[in-house]
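All remarks here apply to the structure that follows.
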Amino acid sequence: MKKETQDQSTTPTSALQRLIAEDALGQLRRSEGLMAQLGSEGDELKLDWVEGIARLLADSTQLEEVEGQAQRLWQQGIRHIIWAGMGGSVLTVRVLAELGFCASQNGQYSALYPLDSTDPAALNALIHQIAASKQLSLDTTHSASLLHDLFDDVLMVGVSMGMTSEEPITHLMWFSELLQQASLPLSEHLLVMTLPNSYLDQFAQERAVPRWSLQLDGRTGTGGRMSAPTTRVFLLPVALYLTRLTGTTGQLRNVLQNAWQDYDLASAESKPAQHPFVQLAIALNDASQDSACRMLVEMPTHWEVLVAWIEQLMEESLGKGGKGIVAFHTQDLNQQARSYTEDGMLHVRVATENKPSALESGSFILEQPTMAASDPRARLAAVATQFLGWQLTMALYGYLQHITFAGQPAVENYKARARVLRAQGDPLHITHDWPAQSSQYGMTLLAPAHYLDTSATPAEVFARTLLAAARASSPQDGVRYLDLTFNGAVPVTYTQIATTYFSAIGNLLLGVPVKLRHAPADYHSTEQGEMDGLPTLISLRVLLREHEPVLFGNYSDIFLLAQAVSTWQAMLEQGRRCFLLVLTGQPTEAEQQLRGFFNDVTALVRKELEA
């Protein structure tokens, strides 16, 4: 590929000049001007995260209070914590868990379990994990004594950083019933952290469930995707780990102090051209086409989980009005394929070593040496630095492209639809008479309404859509990425099938990146971007009609079904090319349907494009 030898740290750009001339960093730090407008949701300013660490470090007691709360949970006998939330309320915990900071380690630490699914299978998986850690046999009696032994050291934390999230409420209701059966006090095994007067807050008040504020100062100006590292979403899990690691207080303060120093927001304001995350914002801005950019991110080994967090940050914040940043794990794209283009795309490699002097065209090296640390406290500081840095990049890109990066209005659309569907009993009933549908071998593909060729098989309908986009003469009718979303907790073989076939279709045959998502978690992480961001995507959502029953208590799949249908409806309303593939039968039957569908789609697309 073409090489560039420019120094990305000093090359003057109009974007950089604008940031300097308009004092964009100063506006951000002072919460004023255009930055304040873009960082507000309605009349509410949502920029508490910008100087949040500085405020915490300036206070002499708040961080130590969190450490004290963590120690008291341990002293109360809590050894397992189910963290129930969606989007930014839980994704940080998932990042920490996959980086190794939430494991029990033979009982030395409290184990944390992120819960962001409304599939009964996800609850069953949690039960099996906890039972296995205690060497409990899950017999069929479901006795009160078994439930007591299973949950006597378990705490469920329900978290919501938005006003309308209802999924954590369903989890708390399910767990409350089990606690009552086990004769365990709700007040010792339930905890809520949310915004005042949110749906979750109202639930907690009605049941006298203990409540802690999300921000330590009680303020509410931090959006969910900016929950780390300034709220309890980050601070409490880290405190749970650190207080067991050292047995002393003050370690949380040290971690944040080191992160704030490494991040160095002051130098971003005084010397923006030399700050890596300012440089990244400018590179993304310059790579954009029609105010949108596809960003392929390559992380250092063992840090790949951060890409999911970056996806949420960028796509929920910036995916508005056809603009924004769509984030992907790094992928090899066929540059000879019909839909391949470098326009509107940037490859970002996060490196712990010194960057090379020469850069490939369309690439950016984000040098982050602190990510090479091995000491756990230094690694936690590096995690916090990444959260801070990428948030800065997001805000600066939003400023340059004039995108309101607070709020996520498109997401409220499907939430409202889901409530209606749940009230009607069977969320799938509206699909029965849908005009544009095709069935074969027990599966049904629901297409946009103008796809009326019912004589075509599901594979033919979807393949023709891909081929039409590949052959489109205008960019707006083409395809720039593919999305495959599994609704619910599917077997690992399904993901393997998807990775094999969907990557071949997107990366190889079309030359575009693909996004593999798991819902409902990703509906709270990237759906705003899919509904209102870069419009040239094709989305396929997969739904199993039958789901396994919950092992204990009462928890149905109605919420999951409603989310799957409502998001599909909302996408169609936005004019997106979105398909819902409904599989039926037992898991092995559904797997055969899925494999056959993808095999046929791949063969059809390959035959036409390679002819």
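Restricting attention to segment 385-426 and to residues that are of a type in the set (Ser, Thr, Tyr) and more than 20 Å from MET571 (Cβ to Cβ), the residue that is surrounded by the fewest Cβ atoms within 10 Å (Cβ to Cβ) turns out to be THR404. ARG517 meets the conditions (1) touching a strand residue (DSSP E or B) at 6+ places or on another chain (Cβ under 9 Å); (2) basic (Lys, Arg); (3) in contact (Cβ under 8 Å) with a residue 60 or more places away in the chain in every case but one. The failed one is (3).
Give all pairs with beta carbons closer than 8 Å in which a residue from segment 90-106 that is without any contact (Cβ under 8 Å) to a residue 60 or more places away in the chain meets a residue that is among the polar types (S, T, N, Q) and not in a helix (DSSP H, G or I); count only pairs at least 6 apart in sequence or on separate chains. Cβ pairs passing all conditions: SER104/SER110.
Hey, among the residues in segment 522-535 that are in a loop (DSSP other than H, G, I, E, B) and surrounded by 23 or more Cβ atoms within 10 Å (Cβ to Cβ), which one's farthest from the chain's Cα centre (by Cα)?
Across segment 522-535, the extreme among qualifying residues is LEU534.
Selection of segment 442-492 for residues being in contact with an Asp or Glu (Cβ under 6 Å, 6 or more places away or on another chain) and either closer than 22 Å to GLU589 by Cα or not assigned by TED's automatic domain parsing to the domain that holds SER539 (or both) yields ALA459, GLY488, ALA489.
Within segment 458-482, being surrounded by fewer than 17 Cβ atoms within 10 Å (Cβ to Cβ) and hydroxyl-bearing (Ser, Thr, Tyr) holds for SER473, SER474. Report yes if some residue within segment 501-521 is within 22 Å of MET86 (Cβ to Cβ), part of a helix (DSSP H, G or I) and not β-branched (Val, Ile, Thr); otherwise report no. Checked segment 501-521: at least one residue is within 22 Å of MET86 (Cβ to Cβ), part of a helix (DSSP H, G or I) and not β-branched (Val, Ile, Thr).
Taking the criterion of being surrounded by fewer than 24 Cβ atoms within 10 Å (Cβ to Cβ) and of a type in the set (Gly, Ala, Ser), the residues of segment 553-582 that qualify are GLY553, SER556, SER566, GLY575.
If you go through segment 66-82 and pick out every residue that is surrounded by 15 or more Cβ atoms within 10 Å (Cβ to Cβ) and more than 12 Å from LEU240 (Cβ to Cβ), you end up with 1. Within the bounds of segment 227-244, is there any residue that is within 28 Å of ILE127 (Cα to Cα), at pLDDT below 95 and touching a Ser or Thr at 6+ places or on another chain (Cβ under 7 Å)? Yes, that holds for at least one residue. Restricting to segment 174-203, count the residues that are part of a helix (DSSP H, G or I) and either touching a helix residue (DSSP H, G or I) at 6+ places or on another chain (Cβ under 8 Å) or not assigned by TED's automatic domain parsing to the domain that holds VAL233 (or both). Adding up the residues that qualify gives 12.
TYR113 meets the conditions (1) more than 27 Å from ARG377 (Cα to Cα); (2) hydroxyl-bearing (Ser, Thr, Tyr); (3) in a strand (DSSP E or B) in every case but one. The failed one is (1). Is it true that some residue in segment 473-488 is modelled with pLDDT under 95 and aliphatic (A, V, I, L, M)? No, because not a single residue in segment 473-488 is modelled with pLDDT under 95 and aliphatic (A, V, I, L, M).
Just wondering, is there one or more residues in segment 360-367 that are more than 19 Å from LEU38 (Cβ to Cβ), outside any helix (DSSP H, G or I), in contact with an Asp or Glu (Cβ under 9 Å, 6 or more places away or on another chain) and without any contact (Cβ under 8 Å) to a residue 24 or more places away in the chain? Yes - at least one qualifying residue is present in segment 360-367. Restricting attention to segment 218-240, report how many residues are assigned to a loop (DSSP other than H, G, I, E, B) and touching a residue at least 40 places away in the same chain (Cβ under 8 Å). Counting residues in segment 218-240 that are assigned to a loop (DSSP other than H, G, I, E, B) and touching a residue at least 40 places away in the same chain (Cβ under 8 Å) gives 9.
The values are calculated or read from the model by the stated rules, or taken from the named source; none is laboratory data. Model, not experiment: these values are computed from the prediction. Neighbour counts run over all protein chains shown; Cβ positions are idealised from the backbone, glycine included.
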